[in-house]
Amino acid sequence: MTDSSSNIIPDPSKFFSKNLLSKPLPTNSFFQNFVLNNGDQPEYFHPYLIKSSDSSLSVSYPSISISPSAISQVFTADLTITSATKTSNEKHVVSSFSDLGVTLDIPSSNLTFFLVRGSPFLTFFVADSTPLSITTIHSIRSFSSNDSFTKYTFKLDNDQTWILYSSLPIKLSHGLSKITSEAFSGVIRIALLTNSNSQNEEVLDMFSTCYPVSGDASFNEAFTMEYNWEKKGSSSDLLMLAHPLHIQLLQSNSTDHNVLVFDDFKYQSIDGDLVGVVGDSWLLETDPVYVTWLSTNGVKKESRDEIVSSLVRDVGSLDSLKITTKDSYSYGKLIGRAARFALIAEEVSYLDVIPKVKKFLKETIEPWLDGTLNGNGFLQDDKWGGIVTIQGSVDSNADSGFGIYNDHADHLGYFLYGIAVLTKIDTAWGEKYKSAAYSLMKDFMNLNSGPDSDDTRLRYYDLYHGHNHSPGLIQYKDGRNHKSTSQAANAYYSAALMGLAYNDADLFILGSTLLAFGIKAAQMWWHIKEGGKLYAEEFTKANRIMGFLWSNKRESGLWFAPPEYKECRVGVQLLPLLPISEVLFSDVEYVKQLVEWALPALKRDGVEEGWKGFVYALQGIYDKENALKNIRNLKGFDDGNSLTNLLWWIYSRE
């Protein structure tokens, strides 16, 4: 791979401090909006939306808008903080970042904000004896302080009550919608008092002096993730907020007695209620996921002949010379589809087809790894640190935005699957191309955050949520988004298989662990069960599976399919069909609800056969006979799927 000189990739030096520019930078982080375009779109830090512009920072405790097709959090500038004496509107600067936090400096206002995800306080440092200005779009209804002038309580006419704590006495005065201070240096913490509850106020008081400045996640053991926050202040106890999946994973870990959960201390969130947790180290533990090449149950002998017959036809049609696409996503799906044939052949003990599959995989994978593909290929980008494509480096829309770091894991997962299978078949080939193969893998699997790395740390993995987000260097008002949890699962599953193929235990464990957490997250936030309480009743009643999940929004549509195209949503959350799919869709009761919800949509004119195949695949989990009948009647398949793969799936169900 050669260096990219792309002019469509934005310049990171606009918002990152100079000391950060020597190492790879995040291209899909929880603070990405702060470093793109004008840096003035909000990001969600649980429980607050934060927006920085004009040398000020605005905080919103968002209201939630609900309809049958979408749920969104509404940004309102409840409080806007700046210097009362600022003379210019300079941009903010990211001076440091971690897995769970970012430090935002506003030099012209002498303010440094420690934005750490899950903190009920907005925390910032005021330097150089600076007078503050705090404005609100609401009216201030009441305003009071304690005797030491280190705690102020102000109520707004939208029924919000905010509490301001200071590390030293501060003199504040207020007008109708503005609070000003005398010159001050020190730490300020501001928190919303939920429900104007006196017990909640006592909790805030108790933990107001200990604050986080950063937070890191580590994977010290398989299927665990540990959070550790760097904290400052005069108290030893740190109060943070946990979303529903955190609580589930904390409670499953009966050995961790380092945290205390305050069930009644709550903030509302689009992700579900956020509850208070005291402890500067959390150990999250998820159920193990056992990554294997083949299906768990195997294929019944009586079904072997039908699978073999289809396998021979499908493998017989493989011809790399007939591939016309140069698109990295479509090309990758063809690689993944062919690799399935080799493993299905192994599972049904029909090895005669494997040489042709091996030949096809070599002819399709090698040009991408050695740079000989005519019309496209992978390049190294040194601006942000990572891989882009030749097409994507000159056209931001090419390869589904790969050139601006969009959807890399979805694309590369198919390549890694093919590489893993080919290495399993031909270990000599695997060793020859190991360096290039690992370069692809590290683009989204890298754990090293140091300057000697070519890639940022876990490019797409949201360590606060435990799942992927997919857009890259694109600014969205609703933050990051992700649609296909199954393609994210494929990426980490395939990385784990690479670990098996190369006898790399660390890679196998990391891939398996990220996969396991991602599956739990998908089941929590994408799989919508009848009568579920996580989302509003109006949305839950209309949907059984998510379309787009944004940081700040839930959406039933897809960019290529409106909400009524239910089969597309099912397919997007299932493809590619693999042994790991049975873990992702292990809840049979939910699967039946999902399929019965989607089946009527298949009667619509113009429904594509490929999408039908995925609905029928899930039907096979609880109704093999009818699913098999439906699959046999299909006239076409998704370009990453096949009749052979669908038959394998049905016949390997219990």
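Residues in the stretch 56-75 that are of a type in the set (Ser, Thr, Tyr) and in contact with a Ser or Thr (Cβ under 8 Å, 6 or more places away or on another chain) were compared, and the one that is surrounded by the most Cβ atoms within 10 Å (Cβ to Cβ) is Ser58. For Ser486, indicate whether it is among the small types (Gly, Ala, Ser), surrounded by fewer than 21 Cβ atoms within 10 Å (Cβ to Cβ) and in contact (Cβ under 8 Å) with a residue 24 or more places away in the chain. No, not satisfied.
Does any residue of the stretch 512-520 turn out to be surrounded by fewer than 22 Cβ atoms within 10 Å (Cβ to Cβ), in a helix (DSSP H, G or I) and free of Cβ contacts under 8 Å to residues at least 60 places away in the same chain? No, the stretch 512-520 has no match at all. For the residues Phe548, Phe508, the requirement of being touching a helix residue (DSSP H, G or I) at 6+ places or on another chain (Cβ under 7 Å), of a type outside the set (D, E, K, R) and at pLDDT 95 or above singles out Phe508. A single member of Phe30, Phe34 is part of a loop (DSSP other than H, G, I, E, B) and aromatic (Phe, Trp, Tyr), and it is Phe30.
Is the stretch 459-472 home to any residue that is more than 18 Å from Ala516 (Cα to Cα) and surrounded by fewer than 19 Cβ atoms within 10 Å (Cβ to Cβ)? The answer is no; no qualifying residue exists.
Listed by position, the helices (runs of 4 or more DSSP H) inside the stretch 608-651 whose residues that are surrounded by 24 or more Cβ atoms within 10 Å (Cβ to Cβ) number at least 2 are 609-619, 643-651.
Of all residues in the stretch 364-373, those being in contact (Cβ under 8 Å) with a residue 40 or more places away in the chain and either over 15 Å from Tyr414 (Cα atoms) or loosely packed, with under 13 Cβ neighbours inside 10 Å (or both) number 3.
Give me the residue from the stretch 301-321 that is more than 34 Å from the chain's Cα centre (by Cα), among the small types (Gly, Ala, Ser) and part of a helix (DSSP H, G or I) and, out of that set, farthest from Asp395 (Cα to Cα). For the stretch 301-321, the residue satisfying everything is Ser303.
Of the strands (runs of 3 or more DSSP E) entirely within the stretch 78-173, those holding at least 3 residues that are of a type in the set (Ser, Thr, Tyr) occupy 79-83, 121-130, 140-145, 161-166.
Of all residues in the stretch 170-192, none that is outside the structural domain of Asn146 (by TED's automatic domain parsing) has its Cβ atom under 7 Å from the Cβ atom of a residue that is part of a strand (DSSP E or B) and of a type in the set (Val, Ile, Thr), 6 or more apart or on another chain.
Given the condition assigned by TED's automatic domain parsing to the domain that holds Arg554, part of a helix (DSSP H, G or I), within 25 Å of Val588 (Cα to Cα) and touching a strand residue (DSSP E or B) at 6+ places or on another chain (Cβ under 9 Å), answer yes or no: does some residue in the stretch 491-502 qualify? Checking the stretch 491-502: at least one residue is assigned by TED's automatic domain parsing to the domain that holds Arg554, part of a helix (DSSP H, G or I), within 25 Å of Val588 (Cα to Cα) and touching a strand residue (DSSP E or B) at 6+ places or on another chain (Cβ under 9 Å). Per the conditions (1) crowded, with 19+ Cβ neighbours inside 10 Å; (2) in contact with a Ser or Thr (Cβ under 8 Å, 6 or more places away or on another chain), the sole criterion not satisfied by Thr123 is (2). Has the stretch 281-288 got at least one residue that is within 28 Å of Ile509 (Cβ to Cβ), crowded, with 17+ Cβ neighbours inside 10 Å and among the acidic types (Asp, Glu)? Scanning the stretch 281-288 turns up at least one residue that is within 28 Å of Ile509 (Cβ to Cβ), crowded, with 17+ Cβ neighbours inside 10 Å and among the acidic types (Asp, Glu). For residues in the stretch 563-607 being more than 23 Å from the chain's Cα centre (by Cα), assigned to a helix (DSSP H, G or I) and small (Gly, Ala, Ser), which is surrounded by the fewest Cβ atoms within 10 Å (Cβ to Cβ)? The qualifying residue surrounded by the fewest Cβ atoms within 10 Å (Cβ to Cβ) is Ala601. Is it the case that Phe15 is outside the structural domain of Phe184 (by TED's automatic domain parsing), surrounded by 17 or more Cβ atoms within 10 Å (Cβ to Cβ) and closer than 28 Å to Met546 by Cα? No: the conditions fail for Phe15. Within the stretch 461-490, the set of residues being assigned to a loop (DSSP other than H, G, I, E, B), over 24 Å from Ser119 (Cβ atoms) and under 14 Å from the mean Cα position of the chain (by Cα) comprises Ser470, Pro471, Gly472, Lys483, Ser484.
Exactly one residue out of Ser53, Ser83 is more than 30 Å from Val275 (Cβ to Cβ), surrounded by fewer than 23 Cβ atoms within 10 Å (Cβ to Cβ), modelled with pLDDT under 95 and among the small types (Gly, Ala, Ser): that is Ser53.
The values are calculated or read from the model by the stated rules, or taken from the named source; none is laboratory data. What you see is a predicted model; the values in this text were computed from it and never measured. Neighbour counts run over all protein chains shown; Cβ positions are idealised from the backbone, glycine included.
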